[in-house]
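The values are calculated or read from the model by the stated rules, or taken from the named source; none is laboratory data. It should be emphasised that the depicted structure is a prediction, and the values quoted were computed from it without experimental measurement. Glycine gets a Cβ as well: all are built from the backbone with ideal geometry, and neighbour counts include every protein chain shown. To get the accessible areas, we keep the full protein, side chains included, count just its heavy atoms, and leave off ligands, DNA and RNA. Shrake-Rupley method; radii C 1.70, N 1.55, O 1.52, S 1.80 Å.
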Amino acid sequence: MENRQSHVSFLDRSHSIAPPTWSRWLIPPAALSVHLAIGQAYAWSVFKPPLESSLGLSGTASALPFQLGIVMLGLSAAFGGTLVERNGPRWAMFVSMVCFSSGFLLSALGVATRQYWLVVFGYGFVGGIGLGIGYISPVSTLIKWFPDRPGMATGIAIMGFGGGALIASPWSAQMLASFGTDTGGIAQTFLVHGVVYAVFMSMGWLLVRVPPDGWRPAGWEPAKVAARPLITSADVSVRNAVRTPQFYLLWIVLCFNVTAGIGILEKAAPMIRDFFASTSAPVSVAAAAGFVALLSLANMSGRFVWSTTSDLIGRKNMYRVYLGVGALLYLVIALAGSASKPLFIVCAIGILSFYGGGFSTVPAYLKDLFGSYQVGAIHGRLLTAWSTAGVLGPLIINWIADTQEAAGRSGPALYTTSLFIMIGLLVVGFVANELIRPVDDKYHEHPQAAEKLTAGRSEAA
């Protein structure tokens with residue numbers, strides 16, 4: 001028993017406390033190494049055509065690994081958030097690396113043996129757990145290292161998730177071109193992904209550190225920040241946070257902001273082609289693909305630019321922009337989008353930048369409302385809004401477009417109804433954001449609770 005208690009695992013939270021000379025600017029690269037890797041999920045479409053042709057799959061079947069992966073992202077983030085808080089970021093990043101890389105290795109075996117269920121299980125279930133744990137792994141640590149600039153810090157990391165596909169998509173396409181698009185070539189590509197991502201993500205769990213208790217940036221005073229609206233100097237546990245109206249109002253805000261963005265993102269290429277199909281200058285397939293790449297850049301850059309801006313103007317004001325201006329941009333597309341390609345593109349870029357910004361700003365919003373005590377676990381619970389939006393957004397856009405097409409309509413008319421639905425959802429989200437107030441004192445954690453938690457970790461180590 002004594003030997004077991006004296007042993008300190010390399011992955012233990014207590015073993016990853018930073019020394020006094022440690023630079024907090026090493027933490028964003030550690031977080032980026034994980035988020036850039038798991039952001040590969042947005043590039044799954046590269047594998048769809050070769051999987052369909054080599055294994056005889058339908059489009060629906062080839063999307064299953066990605067869909068299950070997003071579902072598992074939300075579920076593992078929700079249920080694993082408390083474990084991430086308890087065990088620390090090094091443990092979480094290591095688990096994420098093992099699951100995400102193992103998902104590719106299992107997928108390689110599945111394709112090589114023509115057992116597609118193994119691809120779904122590997123990439124979707126096992127890899128999806130890696131997605132969820134990896135996504136929330138650095139959030140709490142970044143907020144603790146950057147209490148003076150939480151929006152900027154989380155924006156840097158979550159920007160990586162949005163930009164991961166910009167690296168993975170051409171890289172995967174090049175490997176498939178080199179290895180081939182038959183089962184052997186796809187299996188080799190998956191195998192290389194699994195090994196390379198394991199090495200790349202190792203930089204994260206080897207580099208990450210947590211600040212010592214009581215650490216704060218030089219010259220930063222919490223009291224000055226606490227005077228700003230909606231920012232608390234108290235802490236709320238995850239158990240109490242999910243009992244507050246603020247949590248559910250913010251859930252609505254995130255869900256509807258993501259629904260509006262992902263609706264365009266998922267349907268971007270066919271949407272711009274349909275809007276201008278009957279004009280004198282229709283959009284080509286290549287131009288539509290370029291439009292999708294432009295939206296990906298907007299998604300990625302918005303995660304950093306807008307979350308950093310939120311440090312200056314406040315989180316509530318930032319979401320007023322996401323939801324209010326976003327609704328206006330949707331209205332412009334609905335009423336005049338087909339009149340001008342530049343107008344349509346600019347509005348879509350704005351909406352997608354707000355979509356990305358909403359993801360990166362929400363951890364700082366949670367920190368403002370509930371403190372940094374268990375913000376990672378609270379963030380994990382809130383990400384169920386993403387899972388819901390991931391189903392809701394594409395369903396609204398696609399189902400209405402299919403219905404309108406069956407009724408004989410074409411062009412912008414395929415999307416008019418769904419665009420106005422998105423406007424309505426953004427307005428509801430705007431109202432929910434306006435209703436958010438400071439958390440009632442009865443939900444605040446007593447200082448002794450945090451001390452007890454720290455003492456418990458020390459004893460466990």
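Using all alpha carbons of region 274-392, what is the percent of pairwise distances in each 5 Å bin, ordered from the shortest bin to the longest?
Bins of 5 Å from zero give 2, 11, 16, 19, 19, 13, 8, 6, 4, 2, 1, 0 percent of pairs.
Taking the 0 to 90 degree range and rounding to the nearest ten, how far is the long axis of helix 416-434 tilted relative to the main principal axis of the chain, both from C-alpha atoms?
20
Carbon and sulfur together cover what percent of the accessible area of the chain at a 1.4 Å probe radius?
The value for the chain is 66 percent carbon and sulfur by accessible area.
Please give the Cα centre distance for region 281-299 versus region 83-100, rounded to the nearest Å.
What the calculation gives is 36 Å, centre to centre.
Given the protein chains as shown and a 1.4 Å probe, how many square angstrom of Ile17 are accessible, to the nearest 10?
90
Once the cut-off is 44 Å, how many percent of the Cα-Cα pairs in the chain end up in the long-distance tail?
So the pairs more than 44 Å apart make up 13 percent of the total in the chain.
Along Cα→Cβ, 7 Å out, is where each label goes; now give me the distance between the ones at Val242 and Thr403 in nm to one decimal.
Computed distance between label sites Val242 and Thr403 equals 3.3 nm.
Heavy atoms of the protein only, probe of 1.4 Å, neighbouring chains included. What is the accessible area of Asp12 in Å², nearest 10?
Rounded to the nearest 10, the figure is 50 Å².
Going by accessible area, probe 1.4 Å, with all protein chains left in place, what is the ranking of Val210, Val195, largest first?
From most accessible down to least: Val195, Val210.
If you average the sequence gap of Cα pairs under 8 Å that are 6 or more apart and divide by the length of the chain, what percent do you get for the contact order?
Reported as a whole number, the value is 24 percent.
Kirkwood Rh and Cα-based Rg: tell me the resulting Rg over Rh for region 187-328, rounded to two decimals.
Over the Cα atoms of region 187-328, Rg/Rh equals 1.08.
Under a Cβ-Cβ cut-off of 12 Å, what is the net charge of the residues other than Pro363 that fall near it, where Lys and Arg count +1 and Asp and Glu count -1?
Spelling it out: positives minus negatives among the neighbours equals +3.
When the label point is put 7 Å from the Cα of Thr181 along its Cα-to-beta-carbon vector, which residues of region 29-63 have a backbone N closer than 19 Å?
Within reach of a label on Thr181: 43-63.
Which order do you get for His444, His193 if you rank them by accessible area with a 1.4 Å probe, largest at the top?
Listed by decreasing accessible area, they come as His444, His193.
Could you please put Glu221, Glu52 in sequence from largest to smallest accessible area, using a 1.4 Å probe?
Listed by decreasing accessible area, they come as Glu221, Glu52.
From the phi of every residue in region 373-386, what ³J(HN,Hα) in whole Hz does the Karplus formula 6.51 cos²θ - 1.76 cosθ + 1.60 yield, where θ is phi - 60° and glycine or proline is x?
Running phi through 6.51 cos²θ - 1.76 cosθ + 1.60 with θ = phi - 60° gives 3, 9, 5, x, 5, 5, 4, x, 4, 5, 5, 4, 5, 5 Hz.
Val427 to Leu26: extension gain in nm, 0.36 nm per residue of separation minus the Cα-Cα distance?
So the chain would gain 140.4 nm between Val427 and Leu26.
Please give the per residue accessible area of the chain, computed with a probe of 1.4 Å over protein heavy atoms only, in Å².
Per-residue value: 40 Å².
In degrees from 0 to 90, rounded to the nearest 10, what is the angle of the helix 27-38 Cα long axis to the longest principal axis of the chain?
Result, in degrees: 40.
Simple spin-label model, 7 Å along Cα-to-Cβ: Ala413 to Ile345 in nm?
Label-label distance for Ala413 and Ile345, simple model: 2.8 nm.
Can you send over the solvent-accessible area of Lys48, 1.4 Å probe, protein chains only, in Å² to the nearest 10?
Its heavy atoms expose roughly 50 Å² to the probe.
May I ask for the angle, rounded to the nearest 10°, between helix 285-313 and the longest principal axis of the chain, with both axes built from Cα atoms and the value confined to 0 to 90°?
Helix 285-313 sits at roughly 30 degrees to that axis.
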